[in-house]
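Enquirer: Mind having a look at this structure? Questions to follow.
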Amino acid sequence: MEMSDVTRAIAAATSVAASLDLPATDAIVLHNSNKLALRLTPCEVFARVAPLGKEVAQFEVELAQRLAEVGSPVGALEPRVDPLVYARDGFAVTLWIYYEPVTPHVSPADYAKALEQLHAGMRKVDVASPRFTDRIAEAEEIVANPDLSPELADADRVFLSSRLGSLRPAIDDRGAEEQLLHGEPHPGNVLSTKNGPLFIDFETCCRGPVEFDLAHVPEAVCEHYQGVDQGLLDECRQLVLAMVAAWRWDVGDQFPNGRRFGDELLRSLREGPPWPTLDMMASRLDGP
């Protein structure tokens with residue numbers, strides 16, 4: 001969000017909390033992207049705020065409730081208020097438990113175990129959701145339309161379009177079993193808590209092979225996950241690199257150093273295998 005929107009979003013979240021008798025005299029920004037993640041104090045609530053009409057907050061609330069009911073490792077909604085989407089000043093606000101981090105990082109083994117448990121729980125939950133190919137289509141639209149990606153060079157546009165177009169049938173042709181997925185279970189969406197790793201942010205849920213989810217996590221996590229199809233994982237990693245590259249060239253993208261990250265992703269795709277994981281790409285970007 002732009003800073004002017006951040007200020008309004010914080011005001012909306014604190015206003016909602018106060019109206020529910022949750023004292024919120026301060027708000028700490030934990031993450032700012034297409035939506036805002038806040039720690040409200042002193043009530044110690046985790047608030048997620050997004051512009052109305054540009055969020056899937058109701059889906060996220062209902063899915064989190066259903067996953068919690070089947071024992072999945074997910075961040076829980078704030079129990080002191082009704083599990084609703086609260087509209088305020090053009091924003092959708094949802095309130096969740098704030099978990100104090102217990103360690104800086106989740107170990108690969110614990111991460112993999114929690115992801116396996118999440119996938120097992122998702123197999124028990126029957127909800128309407130898009131297929132992972134719908135996300136490919138969104139990326140393809142950005143690449144195909146110069147108005148949506150005006151800074152993307154013509155040669156890169158042709159290359160990225162071809163790569164996205166070829167990976168869709170390559171993955172489909174494998175005929176892998178599909179199920180409900182998190183969609184983006186990268187480390188930023190995993191909390192380290194006293195109750196173990198918990199997943200948050202379910203707005204990207206889709207149906208597909210579990211290797212699509214695994215393509216978002218560090219290599220060490222994949223090594224602990226049981227029954228991985230390595231060939232399919234390689235194709236999914238390549239697909240994720242291509243999709244994230246497309247999003248970094250979106251005219252409305254607000255990712256820090258987004259264009260530089262987009263260039264690095266394109267370079268990696270052109271260099272060929274072994275395909276790097278997203279955390280490896282981020283490390284390269286942060287390096288000297």
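Enquirer: In square angstrom, rounded to the nearest 10, how much accessible surface does ARG131 have for a 1.4 Å probe?
Expert: Counting only protein heavy atoms, the figure is 70 Å².
Enquirer: Give the accessible surface of the chain per residue, rounded to a whole number of Å², with probe radius 1.4 Å and ligands, DNA and RNA excluded.
Expert: Working: 13310 Å² over 288 residues.
I get 46 Å² per residue for this part.
Enquirer: Turning to a different aspect of this structure: If all Cα-Cα distances of the stretch 108-286 are sorted into 5 Å bins from 0 onward, what percent lands in each bin, rounded to whole numbers?
Expert: The percentages, shortest bin first, are 1, 8, 17, 21, 21, 16, 10, 4, 1, 0.
Enquirer: Then there is this: So how far, in whole Å, is the C-alpha centre of the stretch 41-93 from the one of the stretch 188-267?
Expert: The stretch 41-93 and the stretch 188-267 have Cα centres separated by 23 Å.
Enquirer: Which listed residue (PRO83, MET122, VAL221) has the Cα farthest towards the positive end of the charge dipole for the chain, taking +1 on Lys and Arg C-beta and -1 on Asp and Glu C-beta about the Cα centre?
Expert: The one lying farthest along the dipole's positive direction is PRO83.
Enquirer: How large is the direction-averaged shadow of the alpha-carbon convex hull of the stretch 72-115, in nm²?
Expert: For the stretch 72-115, averaging the hull's shadow over all directions gives 4.7 nm².
Enquirer: Still on this structure, please answer the following. Please say if the stretch 22-153 is rounded, prolate or oblate, where rounded means a/c under 1.5 for a ≥ b ≥ c the square roots of the C-alpha gyration tensor eigenvalues, and otherwise the choice is prolate for a/b larger than b/c and oblate otherwise?
Expert: oblate
Enquirer: Could you tell me the convex hull volume per residue, in Å³, taken over the Cα atoms of the stretch 201-269?
Expert: Convex hull of Cα atoms, per residue: 114 Å³.
Enquirer: Shifting gears a bit: What part of the accessible area of the chain, given as a whole %, is carbon or sulfur when the probe is 1.4 angstrom?
Expert: So the carbon and sulfur contribution to the accessible surface is 51 percent.
Enquirer: If you don't mind, another one. Show me, bin by bin at 10 Å from 0, the whole-percent P(r) of the stretch 3-97 based on Cα pairs.
Expert: Calculated P(r), rounded to whole percents: 17, 53, 27, 3.
Enquirer: Top mean-square fluctuation among ASP213, ASP110, ASP250, Gaussian network model of the chain, C-alpha springs under 10 Å?
Expert: ASP110
Enquirer: A further question on this structure: Provide the net charge surrounding ALA109, with neighbours chosen by a C-beta distance below 14 Å and charges set as Lys +1, Arg +1, Asp -1, Glu -1.
Expert: -3
The values are calculated or read from the model by the stated rules, or taken from the named source; none is laboratory data. None of the values given here were measured: they were computed from a predicted structure. Note that we place each Cβ from the backbone using ideal geometry, even for glycine, and neighbour counts take in every protein chain shown. Remember, those area values only see protein heavy atoms, side chains included, never the ligands or the DNA or RNA. Shrake-Rupley method; radii C 1.70, N 1.55, O 1.52, S 1.80 Å.
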